[in-house]
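All remarks here apply to the structure that follows.
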Amino acid sequence: MGKVLVVYCTRVGATKKIADLIAEGIRIEGGEADVVNVTGIKKEEDLDGYDGYLFGSPTYHGEMMQGMKTMLFLAEKSNLEGKVGGSFGAFGWSGEAPGRVFDTMDHILKMDMVSGPLSLKSAALGGGTQMAQDYGREIGKKLNAS
Ligand SMILES: Cc1cc2nc3c(=O)[nH]c(=O)nc-3n(C[C@H](O)[C@H](O)[C@H](O)COP(=O)(O)O)c2cc1C
């Protein structure tokens, strides 16, 4: 079983909550997961050494946060091609960010993506806790199978 890096950005904390729940799901499947704020990713090498990657951003003004945009440019140079990938984020009404992050990981970083992004209004509402854990388990299962 592999090791997964879960990178999140957040303004008020909801996307961090989702990141922690996803990490639990990965661990349930026997994997290792490191959860890191995007502010801790400063150079390409900070992304080295993992089998899978999850990148998370909430949506503000229809977009992902600037920190995630900057990190995706960094990740372009990190050779994540073929690594297992997924994306997530909290949202209020439109929730564009996780999809945009997902598409960049797929088309530009050429990662081995899971079925789709995870967008949650709140980790605590409407089965969100379970959904976030299940997303982590999906990543864990994909890693176990590869
Ligand atoms: C000024 C502002 C703009 C926002 N813009 C959007 C938006 O365009 N679409 C959306 O779905 N949610 C939007 N939201 C809601 C946030 O995405 C939501 O509160 C989310 O849970 C924040 O996540 P965070 O705690 O990880 O920062 C906005 C919130 C604020 C305060």
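The values are calculated or read from the model by the stated rules, or taken from the named source; none is laboratory data. Values in this document were obtained by computation on a predicted structure and should not be read as measured data. Using ideal geometry, Cβ is built from the backbone for each residue, glycine included, and neighbour counts are taken over all protein chains shown. When the accessible area is computed, the model is the full protein with side chains, heavy atoms only, and any ligands, DNA or RNA have been set aside. Shrake-Rupley method; radii C 1.70, N 1.55, O 1.52, S 1.80 Å.
If you go through the stretch 1-12 and keep only what is within 16 Å of the ligand (Cβ to nearest atom), more than 18 Å from M131 (Cβ to Cβ) and of a type outside the set (V, I, T), you end up with C9, R11.
Could you go through the stretch 138-146 and let me know if any residue there is open to solvent by less than 10 Å² (accessible area, probe 1.4 Å) and over 18 Å from G13 (Cβ atoms). Taking every residue of the stretch 138-146 in turn, at least one turns out to be open to solvent by less than 10 Å² (accessible area, probe 1.4 Å) and over 18 Å from G13 (Cβ atoms).
Per-residue answers, yes or no, for (1) buried (at least 20 other Cβ atoms within 10 Å of the Cβ); (2) assigned to a helix (DSSP H, G or I):
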position	(1), (2)
L54	yes, no
G67	no, yes
M71	yes, yes
G86	yes, no
G99	no, yes
G116	no, no
S119	yes, no
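Within the stretch 70-87, the set of residues being more than 25 Å from M131 (Cα to Cα) and within 16 Å of the ligand (Cβ to nearest atom) comprises just one member, M71. Specify the residue that is nearest to the ligand (Cβ to nearest atom); the eligible residues are those in the stretch 93-122 that are among the polar types (S, T, N, Q) and farther than 16 Å from E138 by Cβ. Top of the filtered list is S94.
When the stretch 22-52 is filtered for residues that are crowded, with 20+ Cβ neighbours inside 10 Å, away from the ligand (no atom under 13 Å from the Cβ) and in a helix (DSSP H, G or I), the ones remaining, listed by number, are I22, A23, G25, I26, L47. A90 falls short of the stated requirement of being at pLDDT below 95, within 11 Å of the ligand (Cβ to nearest atom), surrounded by 13 or more Cβ atoms within 10 Å (Cβ to Cβ) and not polar (S, T, N, Q).
Among the residues of the stretch 76-92, write down those that are aliphatic (A, V, I, L, M) and closer than 20 Å to K142 by Cα. Within the stretch 76-92, L80, V84 qualify.
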